[in-house]
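Working notes, beginning with the structure itself.
Values in this text are rule-based calculations from the coordinates and carry no lab data. Here the structure is a predicted model, which is why all the values come from computation and not from measurement. Positions of Cβ are backbone-derived with ideal geometry, glycine not excepted, and every protein chain shown enters the neighbour counts.
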Amino acid sequence: MTEKPKDQILLRLVVGGLTGAIVKSSVAPIERMKILYETQTMLSGHQKLQYTGILKAFGQVWKRDGLFGFWKGNGISLMRIIPDAAIKFSSFDYYKRFVPQLFPNFSQTPHGFFLSSFVAGSLSGGSQVIITYPLDVMRTRIIVGGGKYTGLYHCLSTTFREEGIRAFYKGIIPSLLSVAFYVGVSLGIYDAVKTRILSPDSSVFLRLAVGAGGAVFASFFTFPFDVVRRRLQLQGSLHRPGPKMYDGAWHCATTIWKTEGIRGLYRGYSLQVLRSAPATALQFVTYDFFKKKLGIVDKPMKN
């Protein structure tokens, strides 16, 4: 006998967290390379780039850190992604029932249905950022730290002692904008197409293609925000002489534009697409698969 929907909140959280853990671990090597690309000019300056090609970069990490170096920081990534994905998916299931009640007539139209899904996805993305952001800051610092931090506790205590509580929220504004828009677009497209266009027995490959397409589209617009937040997260942990490099998100973005050009804001974008397209698609499809297998029932969006 299937549980009543009101009793499935915990199950949705568990399924969302499990989905996130499986997918995150599978793309961890690409994620590490992406972060190294995004932040490398903070370490070596924009005139001398350490990583100039994907294959060469993978070779450098292999030589320096060995096989397990590609999963450096994955432990803390899982500590973040499990609650992160759990919050994202379970809150989206709630928001997509709640949002249409605000605009009942508009939500019945095809455009209104997508916008409802977009708003629900954006709210769920914002929710996950607010709750799990400090762990994301710690993950970035451990990945790029060059051995400065011996583990999560050491990173937490060192950051707090040297920079205070505000360091755990550096870059949260561009992160909120980036993640809210990214999740809103990618999850909104997937949910709208799945519900309004695809049939229940559509192939897994078709669902994966829809999820990947939404992820690539969203990534193009949000990637510069990702670069800015990574650099703000890392700032303060490098012990550079003189004043800090960036005085907030806007100063960071304009400085990158002036010193590195548009390429600086999209440094590592190819790795982002290589990571986010399959990872996002797999998250969506895997979450739906687990929900179906465990008998988790979604209430229809109210009009």
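Using θ = phi - 60° in the Karplus curve 6.51 cos²θ - 1.76 cosθ + 1.60, the 3J(HN,Hα) couplings for segment 138-144 round to 5, 4, 4, 5, 5, 5, 9 Hz; x is entered for Gly and Pro. Tell me the mean residue ellipticity at 222 nm calculated for the chain from its helices only (DSSP H runs of n ≥ 4, each -39500 (n - 2.57), averaged over every residue, nearest 500). Helix contribution divided over all residues of the chain: -24500 deg cm²/dmol.
For ASN105 and ILE131, a Förster radius of 41 Å and the Cβ-Cβ distance give a FRET efficiency of 0.80, rounded to the nearest 0.05. Once C-alpha pairs closer than 8 Å and six or more residues apart are averaged by separation and normalised to the residue number of the chain, the relative contact order reads 27 percent. For the residue pairs LYS88/LYS292; LYS148/LYS258; LYS194/LYS291, the C-alpha atoms sit more than 20 angstrom apart in LYS148/LYS258. Straightening the chain between THR254 and ILE197 buys 16.4 nm, computed as 0.36 nm per residue apart minus the Cα-Cα spacing. From the alpha carbon centroid of segment 206-227 to that of segment 118-148 is 17 Å. Rounded to the nearest 20, the size of the Cβ-charge dipole of segment 141-281 about its Cα centre is 320 debye, with Lys and Arg at +1 and Asp and Glu at -1.
Which FRET efficiency value, to the nearest 0.05, is calculated for PHE58 and SER25 with the Förster distance at 22 angstrom and r the Cβ-Cβ distance? Rounded to the nearest 0.05, the efficiency is 0.80. Size descriptors for the chain, from the alpha-carbon set: Rg then Dmax equal 19.9, 65 Å.
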